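Novice: Dumping the structure here so I can ask a few things about it.
Every read-out reported here was derived from the displayed coordinates using simple, explicitly stated rules and does not represent laboratory data. None of the values given here were measured: they were computed from a predicted structure. Here the Cβ positions follow ideal geometry from the backbone for every residue, glycine too, while neighbour counts run over all protein chains shown.
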Amino acid sequence: MNVTIFKDRDELQEALAETICNISQEAIATRGEFNFVLSGGSSPQHLYKLLSSNAYKDKIDWKHTYFFFGDERFVAEDDPQRNSLMAKRFLFDFLKIPAAHIVKVDTSGTPLEAAQKYAKTIELHFKNNPIHFDLVLLGMGDDGHTASLFPYATVLKETEATVKSVYVEKLNMDRITMTAPLINQSRNVAFLVFGEEKSQALYHVIQDSKASSQKYPAKLIQPKNGKLTWFLDAKAGSLLTHSIK
Ligand code: 6PG
């Protein structure tokens, strides 16, 4: 596990954008495509704008890039809460990414159907070979959740399924989420976490070996053969001791 702490969000996002470029170049050169799982929430919005800016838009071969979502809110495709709509606004529209390169969650049926269909669509993209995303970008809530893996949820104990539908009591909302086993098959996982309000949970996730992954689900993200990197700003990392930095 690599933990990198940057003085502020701008420096963090620049470093993460460079890392994404490097990963994409290796993936496309080696395997012909870059399979990139996007995070939802608000943290990545500026990063997506940066990736589609003049500084970065020509550094990644978007024609060979395929986008997925680590999780999705179970709402209509045009609902402002959709992670895919946020990505469209801040990334896809600027880069003119074709729909065929965006693997979205279809929420036209039931949550269970959405999860089963999304899992199947991912399998088909990987031509029924083992699913190894080149990069999974994740955020973390101030309760230590990631994707839609929330504290004490049944999905945290999932060992086989790749995608599950979950009802999140505190949000009164169904979500579709990739499971920890699927995320842990990835070649690279990068957490993007900034802000003082995340520092407590971050300490328990990264440094507190006694803390339970049931209480802090982000602890479940331990790529089997992949690289895990935490991109933090100083405020989020303020409770980490020097030894981890
Ligand atoms: C979502 C995300 C979720 C998010 C965290 C952090 O659908 O909301 O997948 O896991 O990454 O809740 O959210 P912020 O970036 O808004 O703090």
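Novice: Within segment 225-241, can one find any residue that is among the hydroxyl-bearing types (Ser, Thr, Tyr), in a loop (DSSP other than H, G, I, E, B) and either under 29 Å from ALA114 (Cβ atoms) or touching a Pro at 6+ places or on another chain (Cβ under 7 Å) (or both)?
Specialist: No, segment 225-241 contains no residue that is among the hydroxyl-bearing types (Ser, Thr, Tyr), in a loop (DSSP other than H, G, I, E, B) and either under 29 Å from ALA114 (Cβ atoms) or touching a Pro at 6+ places or on another chain (Cβ under 7 Å) (or both).
Listed here are the residues, each with its yes/no results for (1) out of contact with any Ser or Thr (no Cβ under 9 Å at 6 or more places or on another chain); (2) farther than 15 Å from ALA236 by Cα.
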site: MET140; (1), (2): no, no
site: GLU169; (1), (2): yes, yes
site: ARG187; (1), (2): yes, yes
site: GLY195; (1), (2): no, no
site: ALA201; (1), (2): yes, no
site: GLN207; (1), (2): no, no
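Novice: Determine, yes or no, whether PHE68 is touching a residue at least 12 places away in the same chain (Cβ under 8 Å), more than 16 Å from the ligand (Cβ to nearest atom) and among the aromatic types (Phe, Trp, Tyr).
Specialist: no
Novice: Run TYR118 past the list (1) closer than 30 Å to THR30 by Cβ; (2) part of a loop (DSSP other than H, G, I, E, B) and report the number of the one that doesn't hold.
Specialist: Looking at each condition in turn, TYR118 falls short on (2).
Novice: Every residue in segment 81-129 that is buried (at least 18 other Cβ atoms within 10 Å of the Cβ), free of Cβ contacts under 8 Å to residues at least 40 places away in the same chain and over 16 Å from the mean Cα position of the chain (by Cα), please.
Specialist: PHE92, ILE97
Conditions tested, residue by residue: (1) surrounded by fewer than 20 Cβ atoms within 10 Å (Cβ to Cβ); (2) in contact (Cβ under 8 Å) with a residue 24 or more places away in the chain; (3) closer than 22 Å to THR19 by Cβ; (4) of a type outside the set (Val, Ile, Thr).
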residue: ILE131; (1), (2), (3), (4): yes, yes, yes, no
residue: ALA147; (1), (2), (3), (4): no, yes, yes, yes
residue: PHE150; (1), (2), (3), (4): no, yes, no, yes
residue: VAL168; (1), (2), (3), (4): yes, no, no, no
residue: LEU182; (1), (2), (3), (4): no, yes, yes, yes
residue: ASN188; (1), (2), (3), (4): no, yes, yes, yes
residue: GLN214; (1), (2), (3), (4): yes, yes, no, yes
residue: LYS224; (1), (2), (3), (4): yes, yes, yes, yes
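Novice: Being among the small types (Gly, Ala, Ser), in contact (Cβ under 8 Å) with a residue 40 or more places away in the chain and touching a helix residue (DSSP H, G or I) at 6+ places or on another chain (Cβ under 8 Å): is that true of GLY40 here?
Specialist: Answer is yes for this residue.
Novice: Any idea which residue in segment 121-159 is farthest from ILE28 (Cα to Cα), counting only those that are among the polar types (S, T, N, Q) and within 15 Å of the ligand (Cβ to nearest atom)? Working first, answer last.
Specialist: From segment 121-159, those among the polar types (S, T, N, Q) are 121, 128-129, 146, 148, 154, 159; that's our starting set.
Checking which are within 15 Å of the ligand (Cβ to nearest atom) leaves us with 146, 148.
Working: THR146: 27, SER148: 29 Å.
For segment 121-159, the residue satisfying everything is SER148.
Novice: Let me ask something additional. What about LEU50, is it without any contact (Cβ under 8 Å) to a residue 60 or more places away in the chain and either away from the ligand (no atom under 16 Å from the Cβ) or among the aliphatic types (A, V, I, L, M) (or both)?
Specialist: Numbers: without any contact (Cβ under 8 Å) to a residue 60 or more places away in the chain: yes; either away from the ligand (no atom under 16 Å from the Cβ) or among the aliphatic types (A, V, I, L, M) (or both): yes.
Yes; evaluated as a whole, the condition is true for this residue.
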